[in-house]
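Heads up: the structure comes next, in structure tokens.
Bear in mind these aren't lab numbers, they're just calculated from the coordinates by the rules spelled out. Quantities reported herein were computed from a predicted structural model and do not represent experimental measurements. Neighbour counts run over all protein chains shown; Cβ positions are idealised from the backbone, glycine included.
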Amino acid sequence: MSIGVFDSGVGGLTVLRALRRRLPARDFVYLGDTARLPYGTKSAASVVRYADQAAAALVGHGLECLVIACNTASAVALPVLRQRHAPLPVVGVVGPGAEAAAAASRSGRIAVIATEGTVRSGAYEAAIRRLRPDATVSSVACPLFVALAEEGWIEGEVVELAIRRYLGPLLDQALPPDVLLLGCTHFPVLAASIRRVVGTALAIVDSADTTAAAVARVLDGAGEVAGATGGLRLLATDDGPRFARVGSSFLGEPITPAAVEIVDLG
């Protein structure tokens, strides 16, 4: 039995990285739907269809848990996948991300940066306000960040100019946020550049570690073997060499093109 993880591309490898730190003895199978990247600019109906196909492909490998490591798919398709694959546990990244942001904020002023689809869904605002009804949530769509991350452009003048363009209005508010939630799994690789732009007063949080903790709670330690190292299978829907090259920085370890299996979701 494996833990299945899927995303629209390589961004979800940041979640996989946190999962493997938390549950090192488990076997994982990861699917990056690189042929249809990005999900964040697609309609809700398309995202649900893509997520359903990705989930079905992973379930065919025999899973004990399915993780939606894509904020847009979590925001739009989580209820559908939970219903379709019950009783298989299905964990999204929006709830854990909201939990991390709500816990980190002292003032209740929280900024969320995400894809257009995630912002349009309002999922983060709803999840944060369930935890902190007093919260003031500002959401900003940053679609260019996904393209920069997928190209491996994570620092430099162009990256910082894009960050200033998107985040400048947030920072210039009379009462600026004290927490910035990275509401897309592609964004953590830009965190160092974001930090240089926003300064040190703003806490930056993402959903990777809290998602890993949520999965560990769901599985309740079942099957963990002290000192064991689990296996990893990597699937993509297009361009294995590029997935390997860019994905290595997201996963935090080298990926060889030969390790990436190309699959067709239909």
Query - Burial ordering of LEU66, LEU171, fewest other beta-carbon atoms within 10 Å first - result: LEU171, LEU66
Requested in this report: Return a whole-number percent for the relative contact order of the range 95-207, with Cα pairs under 8 Å and 6 or more residues apart as the contact set.
Outcome: 37 percent
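What are the DSSP H helices in the chain that stretch 18 Å or more along their long axis, judged by alpha-carbon atoms, and whose average Kyte-Doolittle hydropathy comes to at least -1.0? Don't skip to the end; give the middle numbers.
On the way: long enough: 44-59 (22 Å, 0.96); 71-85 (19 Å, -0.06); 157-171 (20 Å, 0.71).
The qualifying helices are 44-59, 71-85, 157-171.
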Query - Sum of side-chain charges, LEU81 neighbourhood, beta-carbon under 13 Å (Lys, Arg +1; Asp, Glu -1) - result: +2
Report summary line: About its Cα centre, the chain carries a charge dipole, from +1 on Lys and Arg Cβ atoms and -1 on Asp and Glu Cβ atoms, whose size in debye to the nearest 20 is 480 debye
